[in-house]
Amino acid sequence: MNRSTPTGQITPLQTQAIVISSIVGIGVLTFPTYMAQAADSGGPLVTLLGIVFSCISLIPLSLVGRRFPKENIVVYSGKLIGKWPTLLFCFTLILMFLLVTGGIVRETAEAISLIVLPRTPPEITAIMLLSLTALSARRNIIKFSYIHTFYLPFILVPGLIILIGSLRNADYLNLLPFTGIHPKNVISGALTIMGLFQVSFILAMVIPHMSKPQKALNCSFWSIACAGALYLFIVTASTAVFGAEEMKEMVYPTLELARSSSISVSGLQRVDGIFIIVWVLTVFTTLISTYYISLYLIGRIFDLQDHRMLATFLIPFVFIVSLIPQDFFQLYDSMNLISIVGLCLTFGYPLLLYIISFIQKGVRGNETTG
Amino acid sequence: MSSWKQIFETYKAGKHEPVESRMTPGTTVQLASPSLEDKLEAIHSFLGESDDLIVRRFRVFGEIEAAAIFMASVVDHILIHEAILKPLMNIPPQLNFKVIDLKELPDVLLKDCLLVTGGMKETEAEKLLNSIMQGSTVLLIDGAPESLVLQTRKIEKRGIEQPQTEQVIRGAREGFVEVLETNLSLLRGRLQSNDLRIKISPIGRRTRSRVAVCYIEGIVNPQLVDEALSRLSKIDTDAIIDAGYIEQFIEDHPMSPFPQIQSTERPDKTAAALIEGRVAIMVDNSPFALIIPTVFAQFYQTLDDYTERFMIASLIRMVRLIALIFSLITPALYVSVISFNPELLPTDFAVAVAGGRAGVPFPAFIEVLIIEVSMEVLREATIRLPQMIGGALSIVGVLVIGQAAVSAGFCSPITVVIVALTTIGSFATPAYNAAIALRMLRFPLIFLAGTFGLYGVMIGLILIVNHLLSLESFGVPYVAPIVPGSWQGIKDSLMRGPLWWIPNRPSYLHPVNKRRQAKKTAKSPMDSAFKGPTRKENP
C-alpha cells in the first residue's frame, strides 16, 4: 500500500535476473570477432578467462555492499573516503555510464540500419530506443527489477534455441587447437569480455534494496556464471561453425550464426528476424541498466525523491553523445577505450572502498576488543 | 390531481435556486415540535412538490391524530396496509384499558403494535426526510416529539437470471441483479460464515446510492480493507449511477488503458474472491461487484476452470492466454513481415502472399488498418443490435463484405484471415474490458510495424509490457504472481493445478490466514496419483 520505494524487497532471484540480463547485451553481436582476433581458435578459452576475471572483479563490490547492507554506495563511500573523493568517483562513474549508454544506442542504431531498416536514418532508431529507455527508467528500483525478471526468460530461451539450431553446421575441428594458433592478445581479449561484463556494476545499486544482502556475493557468482555460459556457448558455436579465420572478417558473427540456423518446426524460412527481436530486448535491458546506474547515482548524490524528471532531461545529452563518433571504427575504438577506463573504476573503486572498510573495521575491532 | 396548466403556473411562480440542501434552521425546529400540523407543514415545504408523496392521516386507536408519510413509488403498499395502518387503528388486546402517556406512545407502538421488521425512533429532521426518500414510512404522532421511521422499502426488480457476459458451461446459473439486498443474499447464501463482514453506507450527495464493502475477517489483509475504506470515504460526488463510477474513483492508475479492478456479475466468483482474501464492493442499482485487488491473470480465468478437470482447464487457460497475445500482435507482425522482412516467410508461402496481394492498391500497413477499423465498426454495430438482427448483420459484414473486398481487389485474402483471427482471438478472453484494452493497443502497434518493422513492434511491445509491470492494484503488482514470481502462485495463474495441490491462498494478497487446506487433504489424492488407488479392505 506504500507507494514510496520500499527497502529490502528484491529477492536473490531477481538480483540474478538483473545482473544476467544487464550483462547479456549489445556485445553478443560482435564479440566473437574480437575473440577470434585475440587468439583465433582459442577464442572460447579467452572468453572463459574473461569470465573468470569478471567474476573476481565483482567480489570487492559484493563484499563492501554486504558490509553496509542498508546503505547505498554514495552514503557508505562518503563515510569511508570522505565527501569530495566520493563525489569525484561518482561523477566519473555517472559520466562513464552515460557515455556507455550513448555508445550502446549508437551501436544499436547502426546495427539496426545495417540489418533490418536500411532506409531509416539511424538517428530516428536511436531516438526511439532512447525514449523507450527514458520512459522505462522512470520507475523505482523495485519496478526496475520486475522489468529485468520478466524479460530474462525471453532473452535466454529463444537465444539458446537459435544457438542450438545453428550447431548442425558446426565443424568441431574448427575449435582445435583450444589454445589458439597465434594467441597474441589474450589479455586484451579477456579485458574486452570484462568490459562487456562491467554493467554488472548495477549490483551496487541493487544490494541496499535486497531482502538478503548477505547473498550478494552468491548472486553475483551465479549470474556471472549463467551469463558467462551463454557467452561461452555463443563464441564456441560461432568458432565451430565459421572457423576463426573467417570470423575475423565478419562484423556481426552472431547474426551470421542466427542466419545459418534453421529450425525446421518453426515454419519460418530464416530465424534471424527472431534473433533481431530477441537482440533488441537484450539491448534494451542493458541500456536501461547503464542509464539507471547514472540516474540512481545522481539521485542519491542530490538526495532526490525520485528521478522521473532526470530520466527525461538526460536523454538529449545521451543522444548528442551517441552522435559524436564519425563512423563505425571510431565508435568501436572509443567504446573500447571507455570500457578500459571503466574497468579501472568499476573494479578499482569498490576495491578501494573494501580495503579502507577492512582497515577501519580492523582498527575499530581492535579498539572494541582492546 | 391538478391539470398541466396549473402545474405550469405553480412552477413558473416558484423560485429555482442552485442549492445542495433546502434544509433551513426554521424547518428543523418545526419538525421537532410536538404539533402534528407543524410537522406536516415542514414536510410539505420540502417534499410537497413531488406528486408521489402520500400523507395518510388517521387516528391511532381512534383517539390520537397521526399521519403516515411515504413516497408511493418506493414502498410496499400492502405492507403499509397490513403491518402499520391496520394494527394502529385497532387497539391490540394487551393494551386494552391501559393508560398510555403520550411521551411513551412511540415506544409502546414499536414494541406492542407495529408489525414491520425495521423500525426506530428519530428526531433529526434530515434523517427523517432521507428515510422517506429511501422508501421508509414516517409516522408522525400529534403531541409526541419523536417520530417513527418504519422500513417499508420495495423497489421493483427483475428476476435472477444467468449473467449474459459471463456464461459458464458448468457452474451456478445465478447472476447479480440491481437490488443490493438480493445481491447480498446471493453472496451470504454462498458464504455462511460468521466472519463475512458487510459494511453499507451511502455515497453520492444526490443519489445516496448505498455501497456495500464485503470481506472475510480473519482472512483478508486488514491493510487492504483499510485502504479500500479510505479510498471510498474520499469520494464526494453527487451521483453514483453504477459500480463503474466507483471503480474510476478508487483505481490506482486512472490513465492506464488496463482495468485494475475486476467487475463480475457472478456471485460465485465474488464468493471465491472473498475466500482468497480479496474485498468486494457492491453498489445498489448495479448488477456488478467490484473485486479488489486485481491482477492481470484474473482476466483470462473463468469459473469453469475450477469446476472442470484440471488438465483440460490448464490447457484452455493457455489457449485463452495465447488468444489474448494473438489479438494484440498478429496484425502488427503481419504488417512488419510483409513490408520489411518478407525473407522470413518460407518461399512458397511468400509467393502465395505476393500473389494474393497483387493488384491491391495500398501498402500492407494501410490495408490492415482499413480492415481492422472496419472490423471494429462492425463489432460496435452488432453489439447493441437485437440478437436476431445482430446475427444476420455479422454474417453480411464478415462473409459478404470480406469476400467481396477480396474479389474486388481491395485487400488480400491473407489480410482478411489475419484480421478475423485477431478478432476471434480477442473474444476468447472472458473479460471484455481487458480484451478491449489489448484490442485497442494493437492500433499503435500496427503503426509502429508499418514505420519501423519488427524493431518497431518490439519497441511497442516492450513499452506495453513495461507499463503492465509498473501497474499496481491496491498495492499488489499487476503481473503477480508471475513477476514477482511465486511458484505457489504460478500453480494457479498460467496453469490451473488440482485444487488439492494449491493449499495456500495467493501470497501476493498477504492474507492473515494463509492456508486454505489442511496438510493431509493433499495426501490421499497424491497417494492415488503416484501409488495407484488405495482401498480399505472391508473387515
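Within 10 Å of each Cβ of A:140-151, how many other protein chain Cβ atoms are there on average?
Details: counts 1, 0, 3, 7, 2, 3, 12, 6, 2, 6, 9, 5.
Mean partner shielding for this stretch: 5.
Under the rule a/c < 1.5 gives rounded, and otherwise a/b versus b/c splits prolate from oblate, where does region B:25-150 land using the Cα gyration tensor?
Oblate shape, in that a/c is at least 1.5 and b/c is the bigger or equal ratio.
Can you list the lysines whose alpha carbon sits under 25 Å from that of residue B:157, skipping same-chain ones fewer than 8 residues off?
B:199, B:269
Between residue A:359 and residue B:311, what FRET efficiency follows from the Cβ-Cβ distance if R0 is 56 Å, with the result rounded to 0.05? Walk me through the numbers on the way to the answer.
Working: r = 62 Å, r/R0 = 1.11.
FRET efficiency, residue A:359 to residue B:311: 0.35.
Over 19 Å between C-alpha atoms is what I'm after, so list which of A:70/A:361; A:70/A:215; B:98/B:121; A:79/A:215; B:5/B:39 land there.
The answer is B:98/B:121; A:79/A:215; B:5/B:39.
So if each residue of separation counts as 0.36 nm, and I subtract the Cα-Cα distance between residue B:130 and residue B:73, what length gain in nm does that give?
On the way: separation 57, 0.36 × 57 = 20.52 nm, distance 1.48 nm.
In short, 19.0 nm is gained.
Aspartates and glutamates within cross-link reach of residue A:184: Cα-Cα under 15 Å, excluding same-chain residues under 8 positions apart?
A:40, A:245
Pick from A:296, A:332, A:252: which is most flexible by mean-square fluctuation in a GNM of chain A where alpha carbon atoms under 10 Å apart are linked?
Most flexible of the set in this elastic network: A:332.
Rg and Dmax of chain A, using alpha carbons, in Å: what are they?
20.7, 75
Checking the a/c ratio against 1.5 first, then a/b against b/c, what shape does the Cα gyration tensor give for region A:134-228?
prolate
Sorted by average packing, counted as other Cβ atoms within 10 angstrom per residue and highest first, what order do B:64-73, A:56-65 take?
In descending order of packing, they fall as A:56-65, B:64-73.
Please report the spacing between the Cα centers of region B:172-235 and region B:280-342 in Å, no decimals.
26 Å
Classify region B:308-477 from the C-alpha gyration tensor, please: rounded if a/c falls under 1.5, else prolate or oblate depending on whether a/b exceeds b/c.
Because a/c hits 1.5 or more and a/b fails to exceed b/c, region B:308-477 counts as oblate.
Counting alpha carbon pairs within less than 8 Å and at least 6 residues apart, what relative contact order, in whole percent, applies to region B:324-423?
Details: 60 pairs, mean separation 44.9, N = 100.
Relative contact order comes out at 45 percent.
Can you give the log10 of the normalised intensity I(q)/I(0) at q = 0.17, 0.18, 0.30 Å⁻¹, computed with Debye over equal Cα scatterers of region B:405-450?
Each listed q maps to, in turn, -0.60, -0.66, -1.03.
Any chance you could run the full-extension gain for residue B:200 through residue B:404? It's 0.36 nm times the residue separation minus the Cα-Cα distance, nm to one decimal.
That works out to 67.8 nm of additional length.
Mind ordering B:122-128, B:218-224 by average Cβ neighbours within 10 Å, highest first?
B:218-224, B:122-128
Using a simple spin-label model with points 7 Å from Cα along the Cα→Cβ vector, what separation in nm is obtained for residue B:524 and residue B:238?
6.2 nm
List the lysines whose Cα lies under 26 Å from the Cα of residue B:523, skipping any in the same chain that are fewer than 8 positions away.
Partners within reach: B:491, B:514, B:531, B:536.
Please give the average number of partner chain Cβ atoms lying within 10 Å of the Cβ of each residue in A:117-125, rounded to a whole number.
Average neighbour count from other chains, rounded to a whole number: 2.
Return the whole-Å distance between the Cα centroid of region A:191-268 and the Cα centroid of region A:307-349.
Each part's Cα centre sits 21 Å from the other's.
Ranked from highest to lowest mean number of other Cβ atoms within 10 Å per residue, what is the order of the peptides A:160-166, A:25-31, B:513-519, B:248-254?
My ranking of the peptides, most packed first, is A:25-31, A:160-166, B:248-254, B:513-519.
Compute the label zone of residue B:380 within region B:423-455: residues whose backbone N is under 19 Å from the point 7 Å along Cα-to-Cβ.
Once the point is set 7 Å along Cα→Cβ of residue B:380, B:423-424, B:426-427, B:432-447 turn out to lie under 19 Å by backbone N, inside region B:423-455.
Based solely on its DSSP helices, what 222 nm [θ] is calculated for chain B when runs of n ≥ 4 H residues each add -39,500 (n - 2.57) and the sum is averaged over all residues, nearest 500 deg cm²/dmol?
-13500 deg cm²/dmol
Using only atoms on other chains, find how many Cβ atoms lie within 10 Å of each Cβ of peptide A:272-282 and report the average.
Numbers: counts 3, 10, 2, 0, 6, 7, 1, 2, 8, 4, 0.
Averaged over the peptide's residues, the number is 4.
Counting each DSSP H run of 4 or more residues in chain A as -39500 (n - 2.57), what helix-only mean residue ellipticity at 222 nm follows after dividing by all residues, to the nearest 500 deg cm²/dmol? Each step should come with its number before you reach the end.
Numbers: 16 runs with 272 residues, N = 370.
Taken over chain A, the calculation gives -24500 deg cm²/dmol.
Give me the extension gain from residue B:515 to residue B:433: residue separation times 0.36 nm, minus the current Cα-Cα distance, reported in nm with one decimal.
26.4 nm
Here, each number is a calculation from the coordinates, and none is a lab measurement. In this text the structure is predicted, and so the values were computed from the model without any measurement. For neighbour counting, all protein chains shown are included, and Cβ atoms are generated from backbone atoms with ideal geometry for every residue, glycine included.
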